[in-house]
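Quick notes on the structure that follows.
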Amino acid sequence: MKFLKLLLCLPLVLQAVEPLKLSLPTDNRALFDGKPEDFYMFVFRGNSKAWTAGQYGFVRNLIKTEKEGVIATKFHEGLDIKPVKRDRNQNPLDEIRAIASGQVVYLNKNAGGSDYGKYIVVKHDWGYGPFYSLYAHLARVDVELEQRVLGGFPIGTMGYTGVGLNRTRAHLHLELCMLSTENFEDWLGAPTQRGPYDGRNLIGLDIASLFLAARANGDLTIPAFLESASPYFKVAIPRDGELEITKRYPWLKKGDHSKPSNAYEIAFTDSGIPLSVVPSHRQVTEPHLTFVRTTRSRHEHYTRGRLTGSGRRATLTKSGRKFIALFTNEYTKPKAPVEPAQ
Ligand SMILES: [Zn+2]
């Protein structure tokens, strides 16, 4: 009887939400020691070294604005982690380890094949959809495709492969991402060796803040972590069946999805992380901006060029519309089988 009870409980246990249990990917622990200047790899700004540009977020391409002073307009999707070990020729020796248990879903062993150089993507599932950690600019890849890895398991060696790097600035570029669409090639309009594991399709989360928050709260989940993020813009799109993104991440659904509605309104952060999908009665025939945060400089600067305008006025740019198409069913719906010609 006891055994039967246990058996009945099993499916529930298997679907349970698991703790994040994140571990840093190298021996560099300065993030936890409150020494960001030792954790992040700098970029040169003139003669000075700016470690802040190694952080996640809008940290690069500084411009002077009339109303808000100097702001950074280029978004950095991950963290650039400094090496802590080098050989006598100054090559980095740091072992790179998986930040959590998962499965290797993509490897680029060809240094010239991408801006990321040699890189690895590991898929994780803590019980609320897939997330992807990405380890770039490696010197060496030590895992095979589809290999299962435990958190802390060595997967490669730090290097400086990829675009715009040299030995001095060798680092690990680390991301933790959501996936926009499995049908990325349809969106791109061309086949790609990377499949969906392309920077344009991976949405990087604020992984340094997540490391710190998960360390402080062992029960933290990513949906709970994202609740503290605020939307920068919202876009209404015609409702045409369930969206792929809410099938993958059902916790994005807010409001009552059981009743019919004309549209969905999707809320995004400034960098493009989807925060919620809410049914809406708006009449729209194409993606339409319904909300924007009011800022004093142009929206291009804060949204990676996806919005244009200033203050309360904003519209989607061409690249903004292309970005929104990653989430609509226009490209992401599985194609109906083609009828054979009679
Ligand atoms: Zn980077």
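The values are calculated or read from the model by the stated rules, or taken from the named source; none is laboratory data. What you see is a predicted model; the values in this text were computed from it and never measured. Cβ: placed from backbone, ideal geometry, glycine included. Neighbour counts: every protein chain shown. The protein model used for the area step is the full one, side chains on, heavy atoms only, and it has no ligands, DNA or RNA in it. Shrake-Rupley method; radii C 1.70, N 1.55, O 1.52, S 1.80 Å.
Worth a mention:
- Per-region count, the range 160-207, residues within 12 Å of the ligand (Cβ to nearest atom) and under 24 Å from Ala224 (Cβ atoms): 4
- Pair list, Cβ < 6 Å and 6+ apart or interchain, from the range 226-249 residues that are over 13 Å from Val278 (Cα atoms) to residues that are charged (D, E, K, R): Tyr232/Asp270; Tyr232/Arg293
- Strands (runs of 3 or more DSSP E) fully within the range 195-273 that include at least 2 residues being under 17 Å from the mean Cα position of the chain (by Cα): 202-204, 263-268.
- Residues in the range 287-302 that are of a type in the set (Ser, Thr, Tyr) and at pLDDT below 95 were compared, and the one that is most open to solvent (accessible area, probe 1.4 Å) is Thr294.
- Residues of the range 274-321 that turn out to be in a helix (DSSP H, G or I) and touching a Leu at 6+ places or on another chain (Cβ under 9 Å), as a count: 3
- Total residues in the range 154-195, condition open to solvent by 20 Å² or more (accessible area, probe 1.4 Å) and at negative phi: 21
- Picking from residues in the range 223-234 that are buried (at least 20 other Cβ atoms within 10 Å of the Cβ) and out of contact with any Phe, Trp or Tyr (no Cβ under 6 Å at 6 or more places or on another chain), the one that is farthest from Ser133 (Cα to Cα) is Tyr232.
- Residue, surrounded by the most Cβ atoms within 10 Å (Cβ to Cβ), within the range 235-286, restricted to residues that are over 23 Å from Asn183 (Cβ atoms) and of a type in the set (Lys, Arg): Arg282
- Of the set (1) touching a Cys at 6+ places or on another chain (Cβ under 6 Å); (2) without any contact (Cβ under 8 Å) to a residue 60 or more places away in the chain, all apply to His137 but (1).
- Residues (within 18 Å of the chain's Cα centre (by Cα) and either within 11 Å of the ligand (Cβ to nearest atom) or open to solvent by 30 Å² or more (accessible area, probe 1.4 Å) (or both)) located in the range 39-72: Ala53, Gly54, Gln55, Tyr56, Phe58, Val59, Arg60
- In the range 166-194, the qualifying residues are those that are among the charged types (D, E, K, R) and not in a loop (DSSP other than H, G, I, E, B), and the one that is modelled with the highest pLDDT is Glu175.
- Whichever residue in the range 74-110 is more than 14 Å from Ala170 (Cα to Cα) and within 16 Å of the ligand (Cβ to nearest atom) and, among such residues, is surrounded by the most Cβ atoms within 10 Å (Cβ to Cβ): Gly78
- Tally of residues being farther than 21 Å from Leu134 by Cα and in a loop (DSSP other than H, G, I, E, B) across the range 24-79: 8
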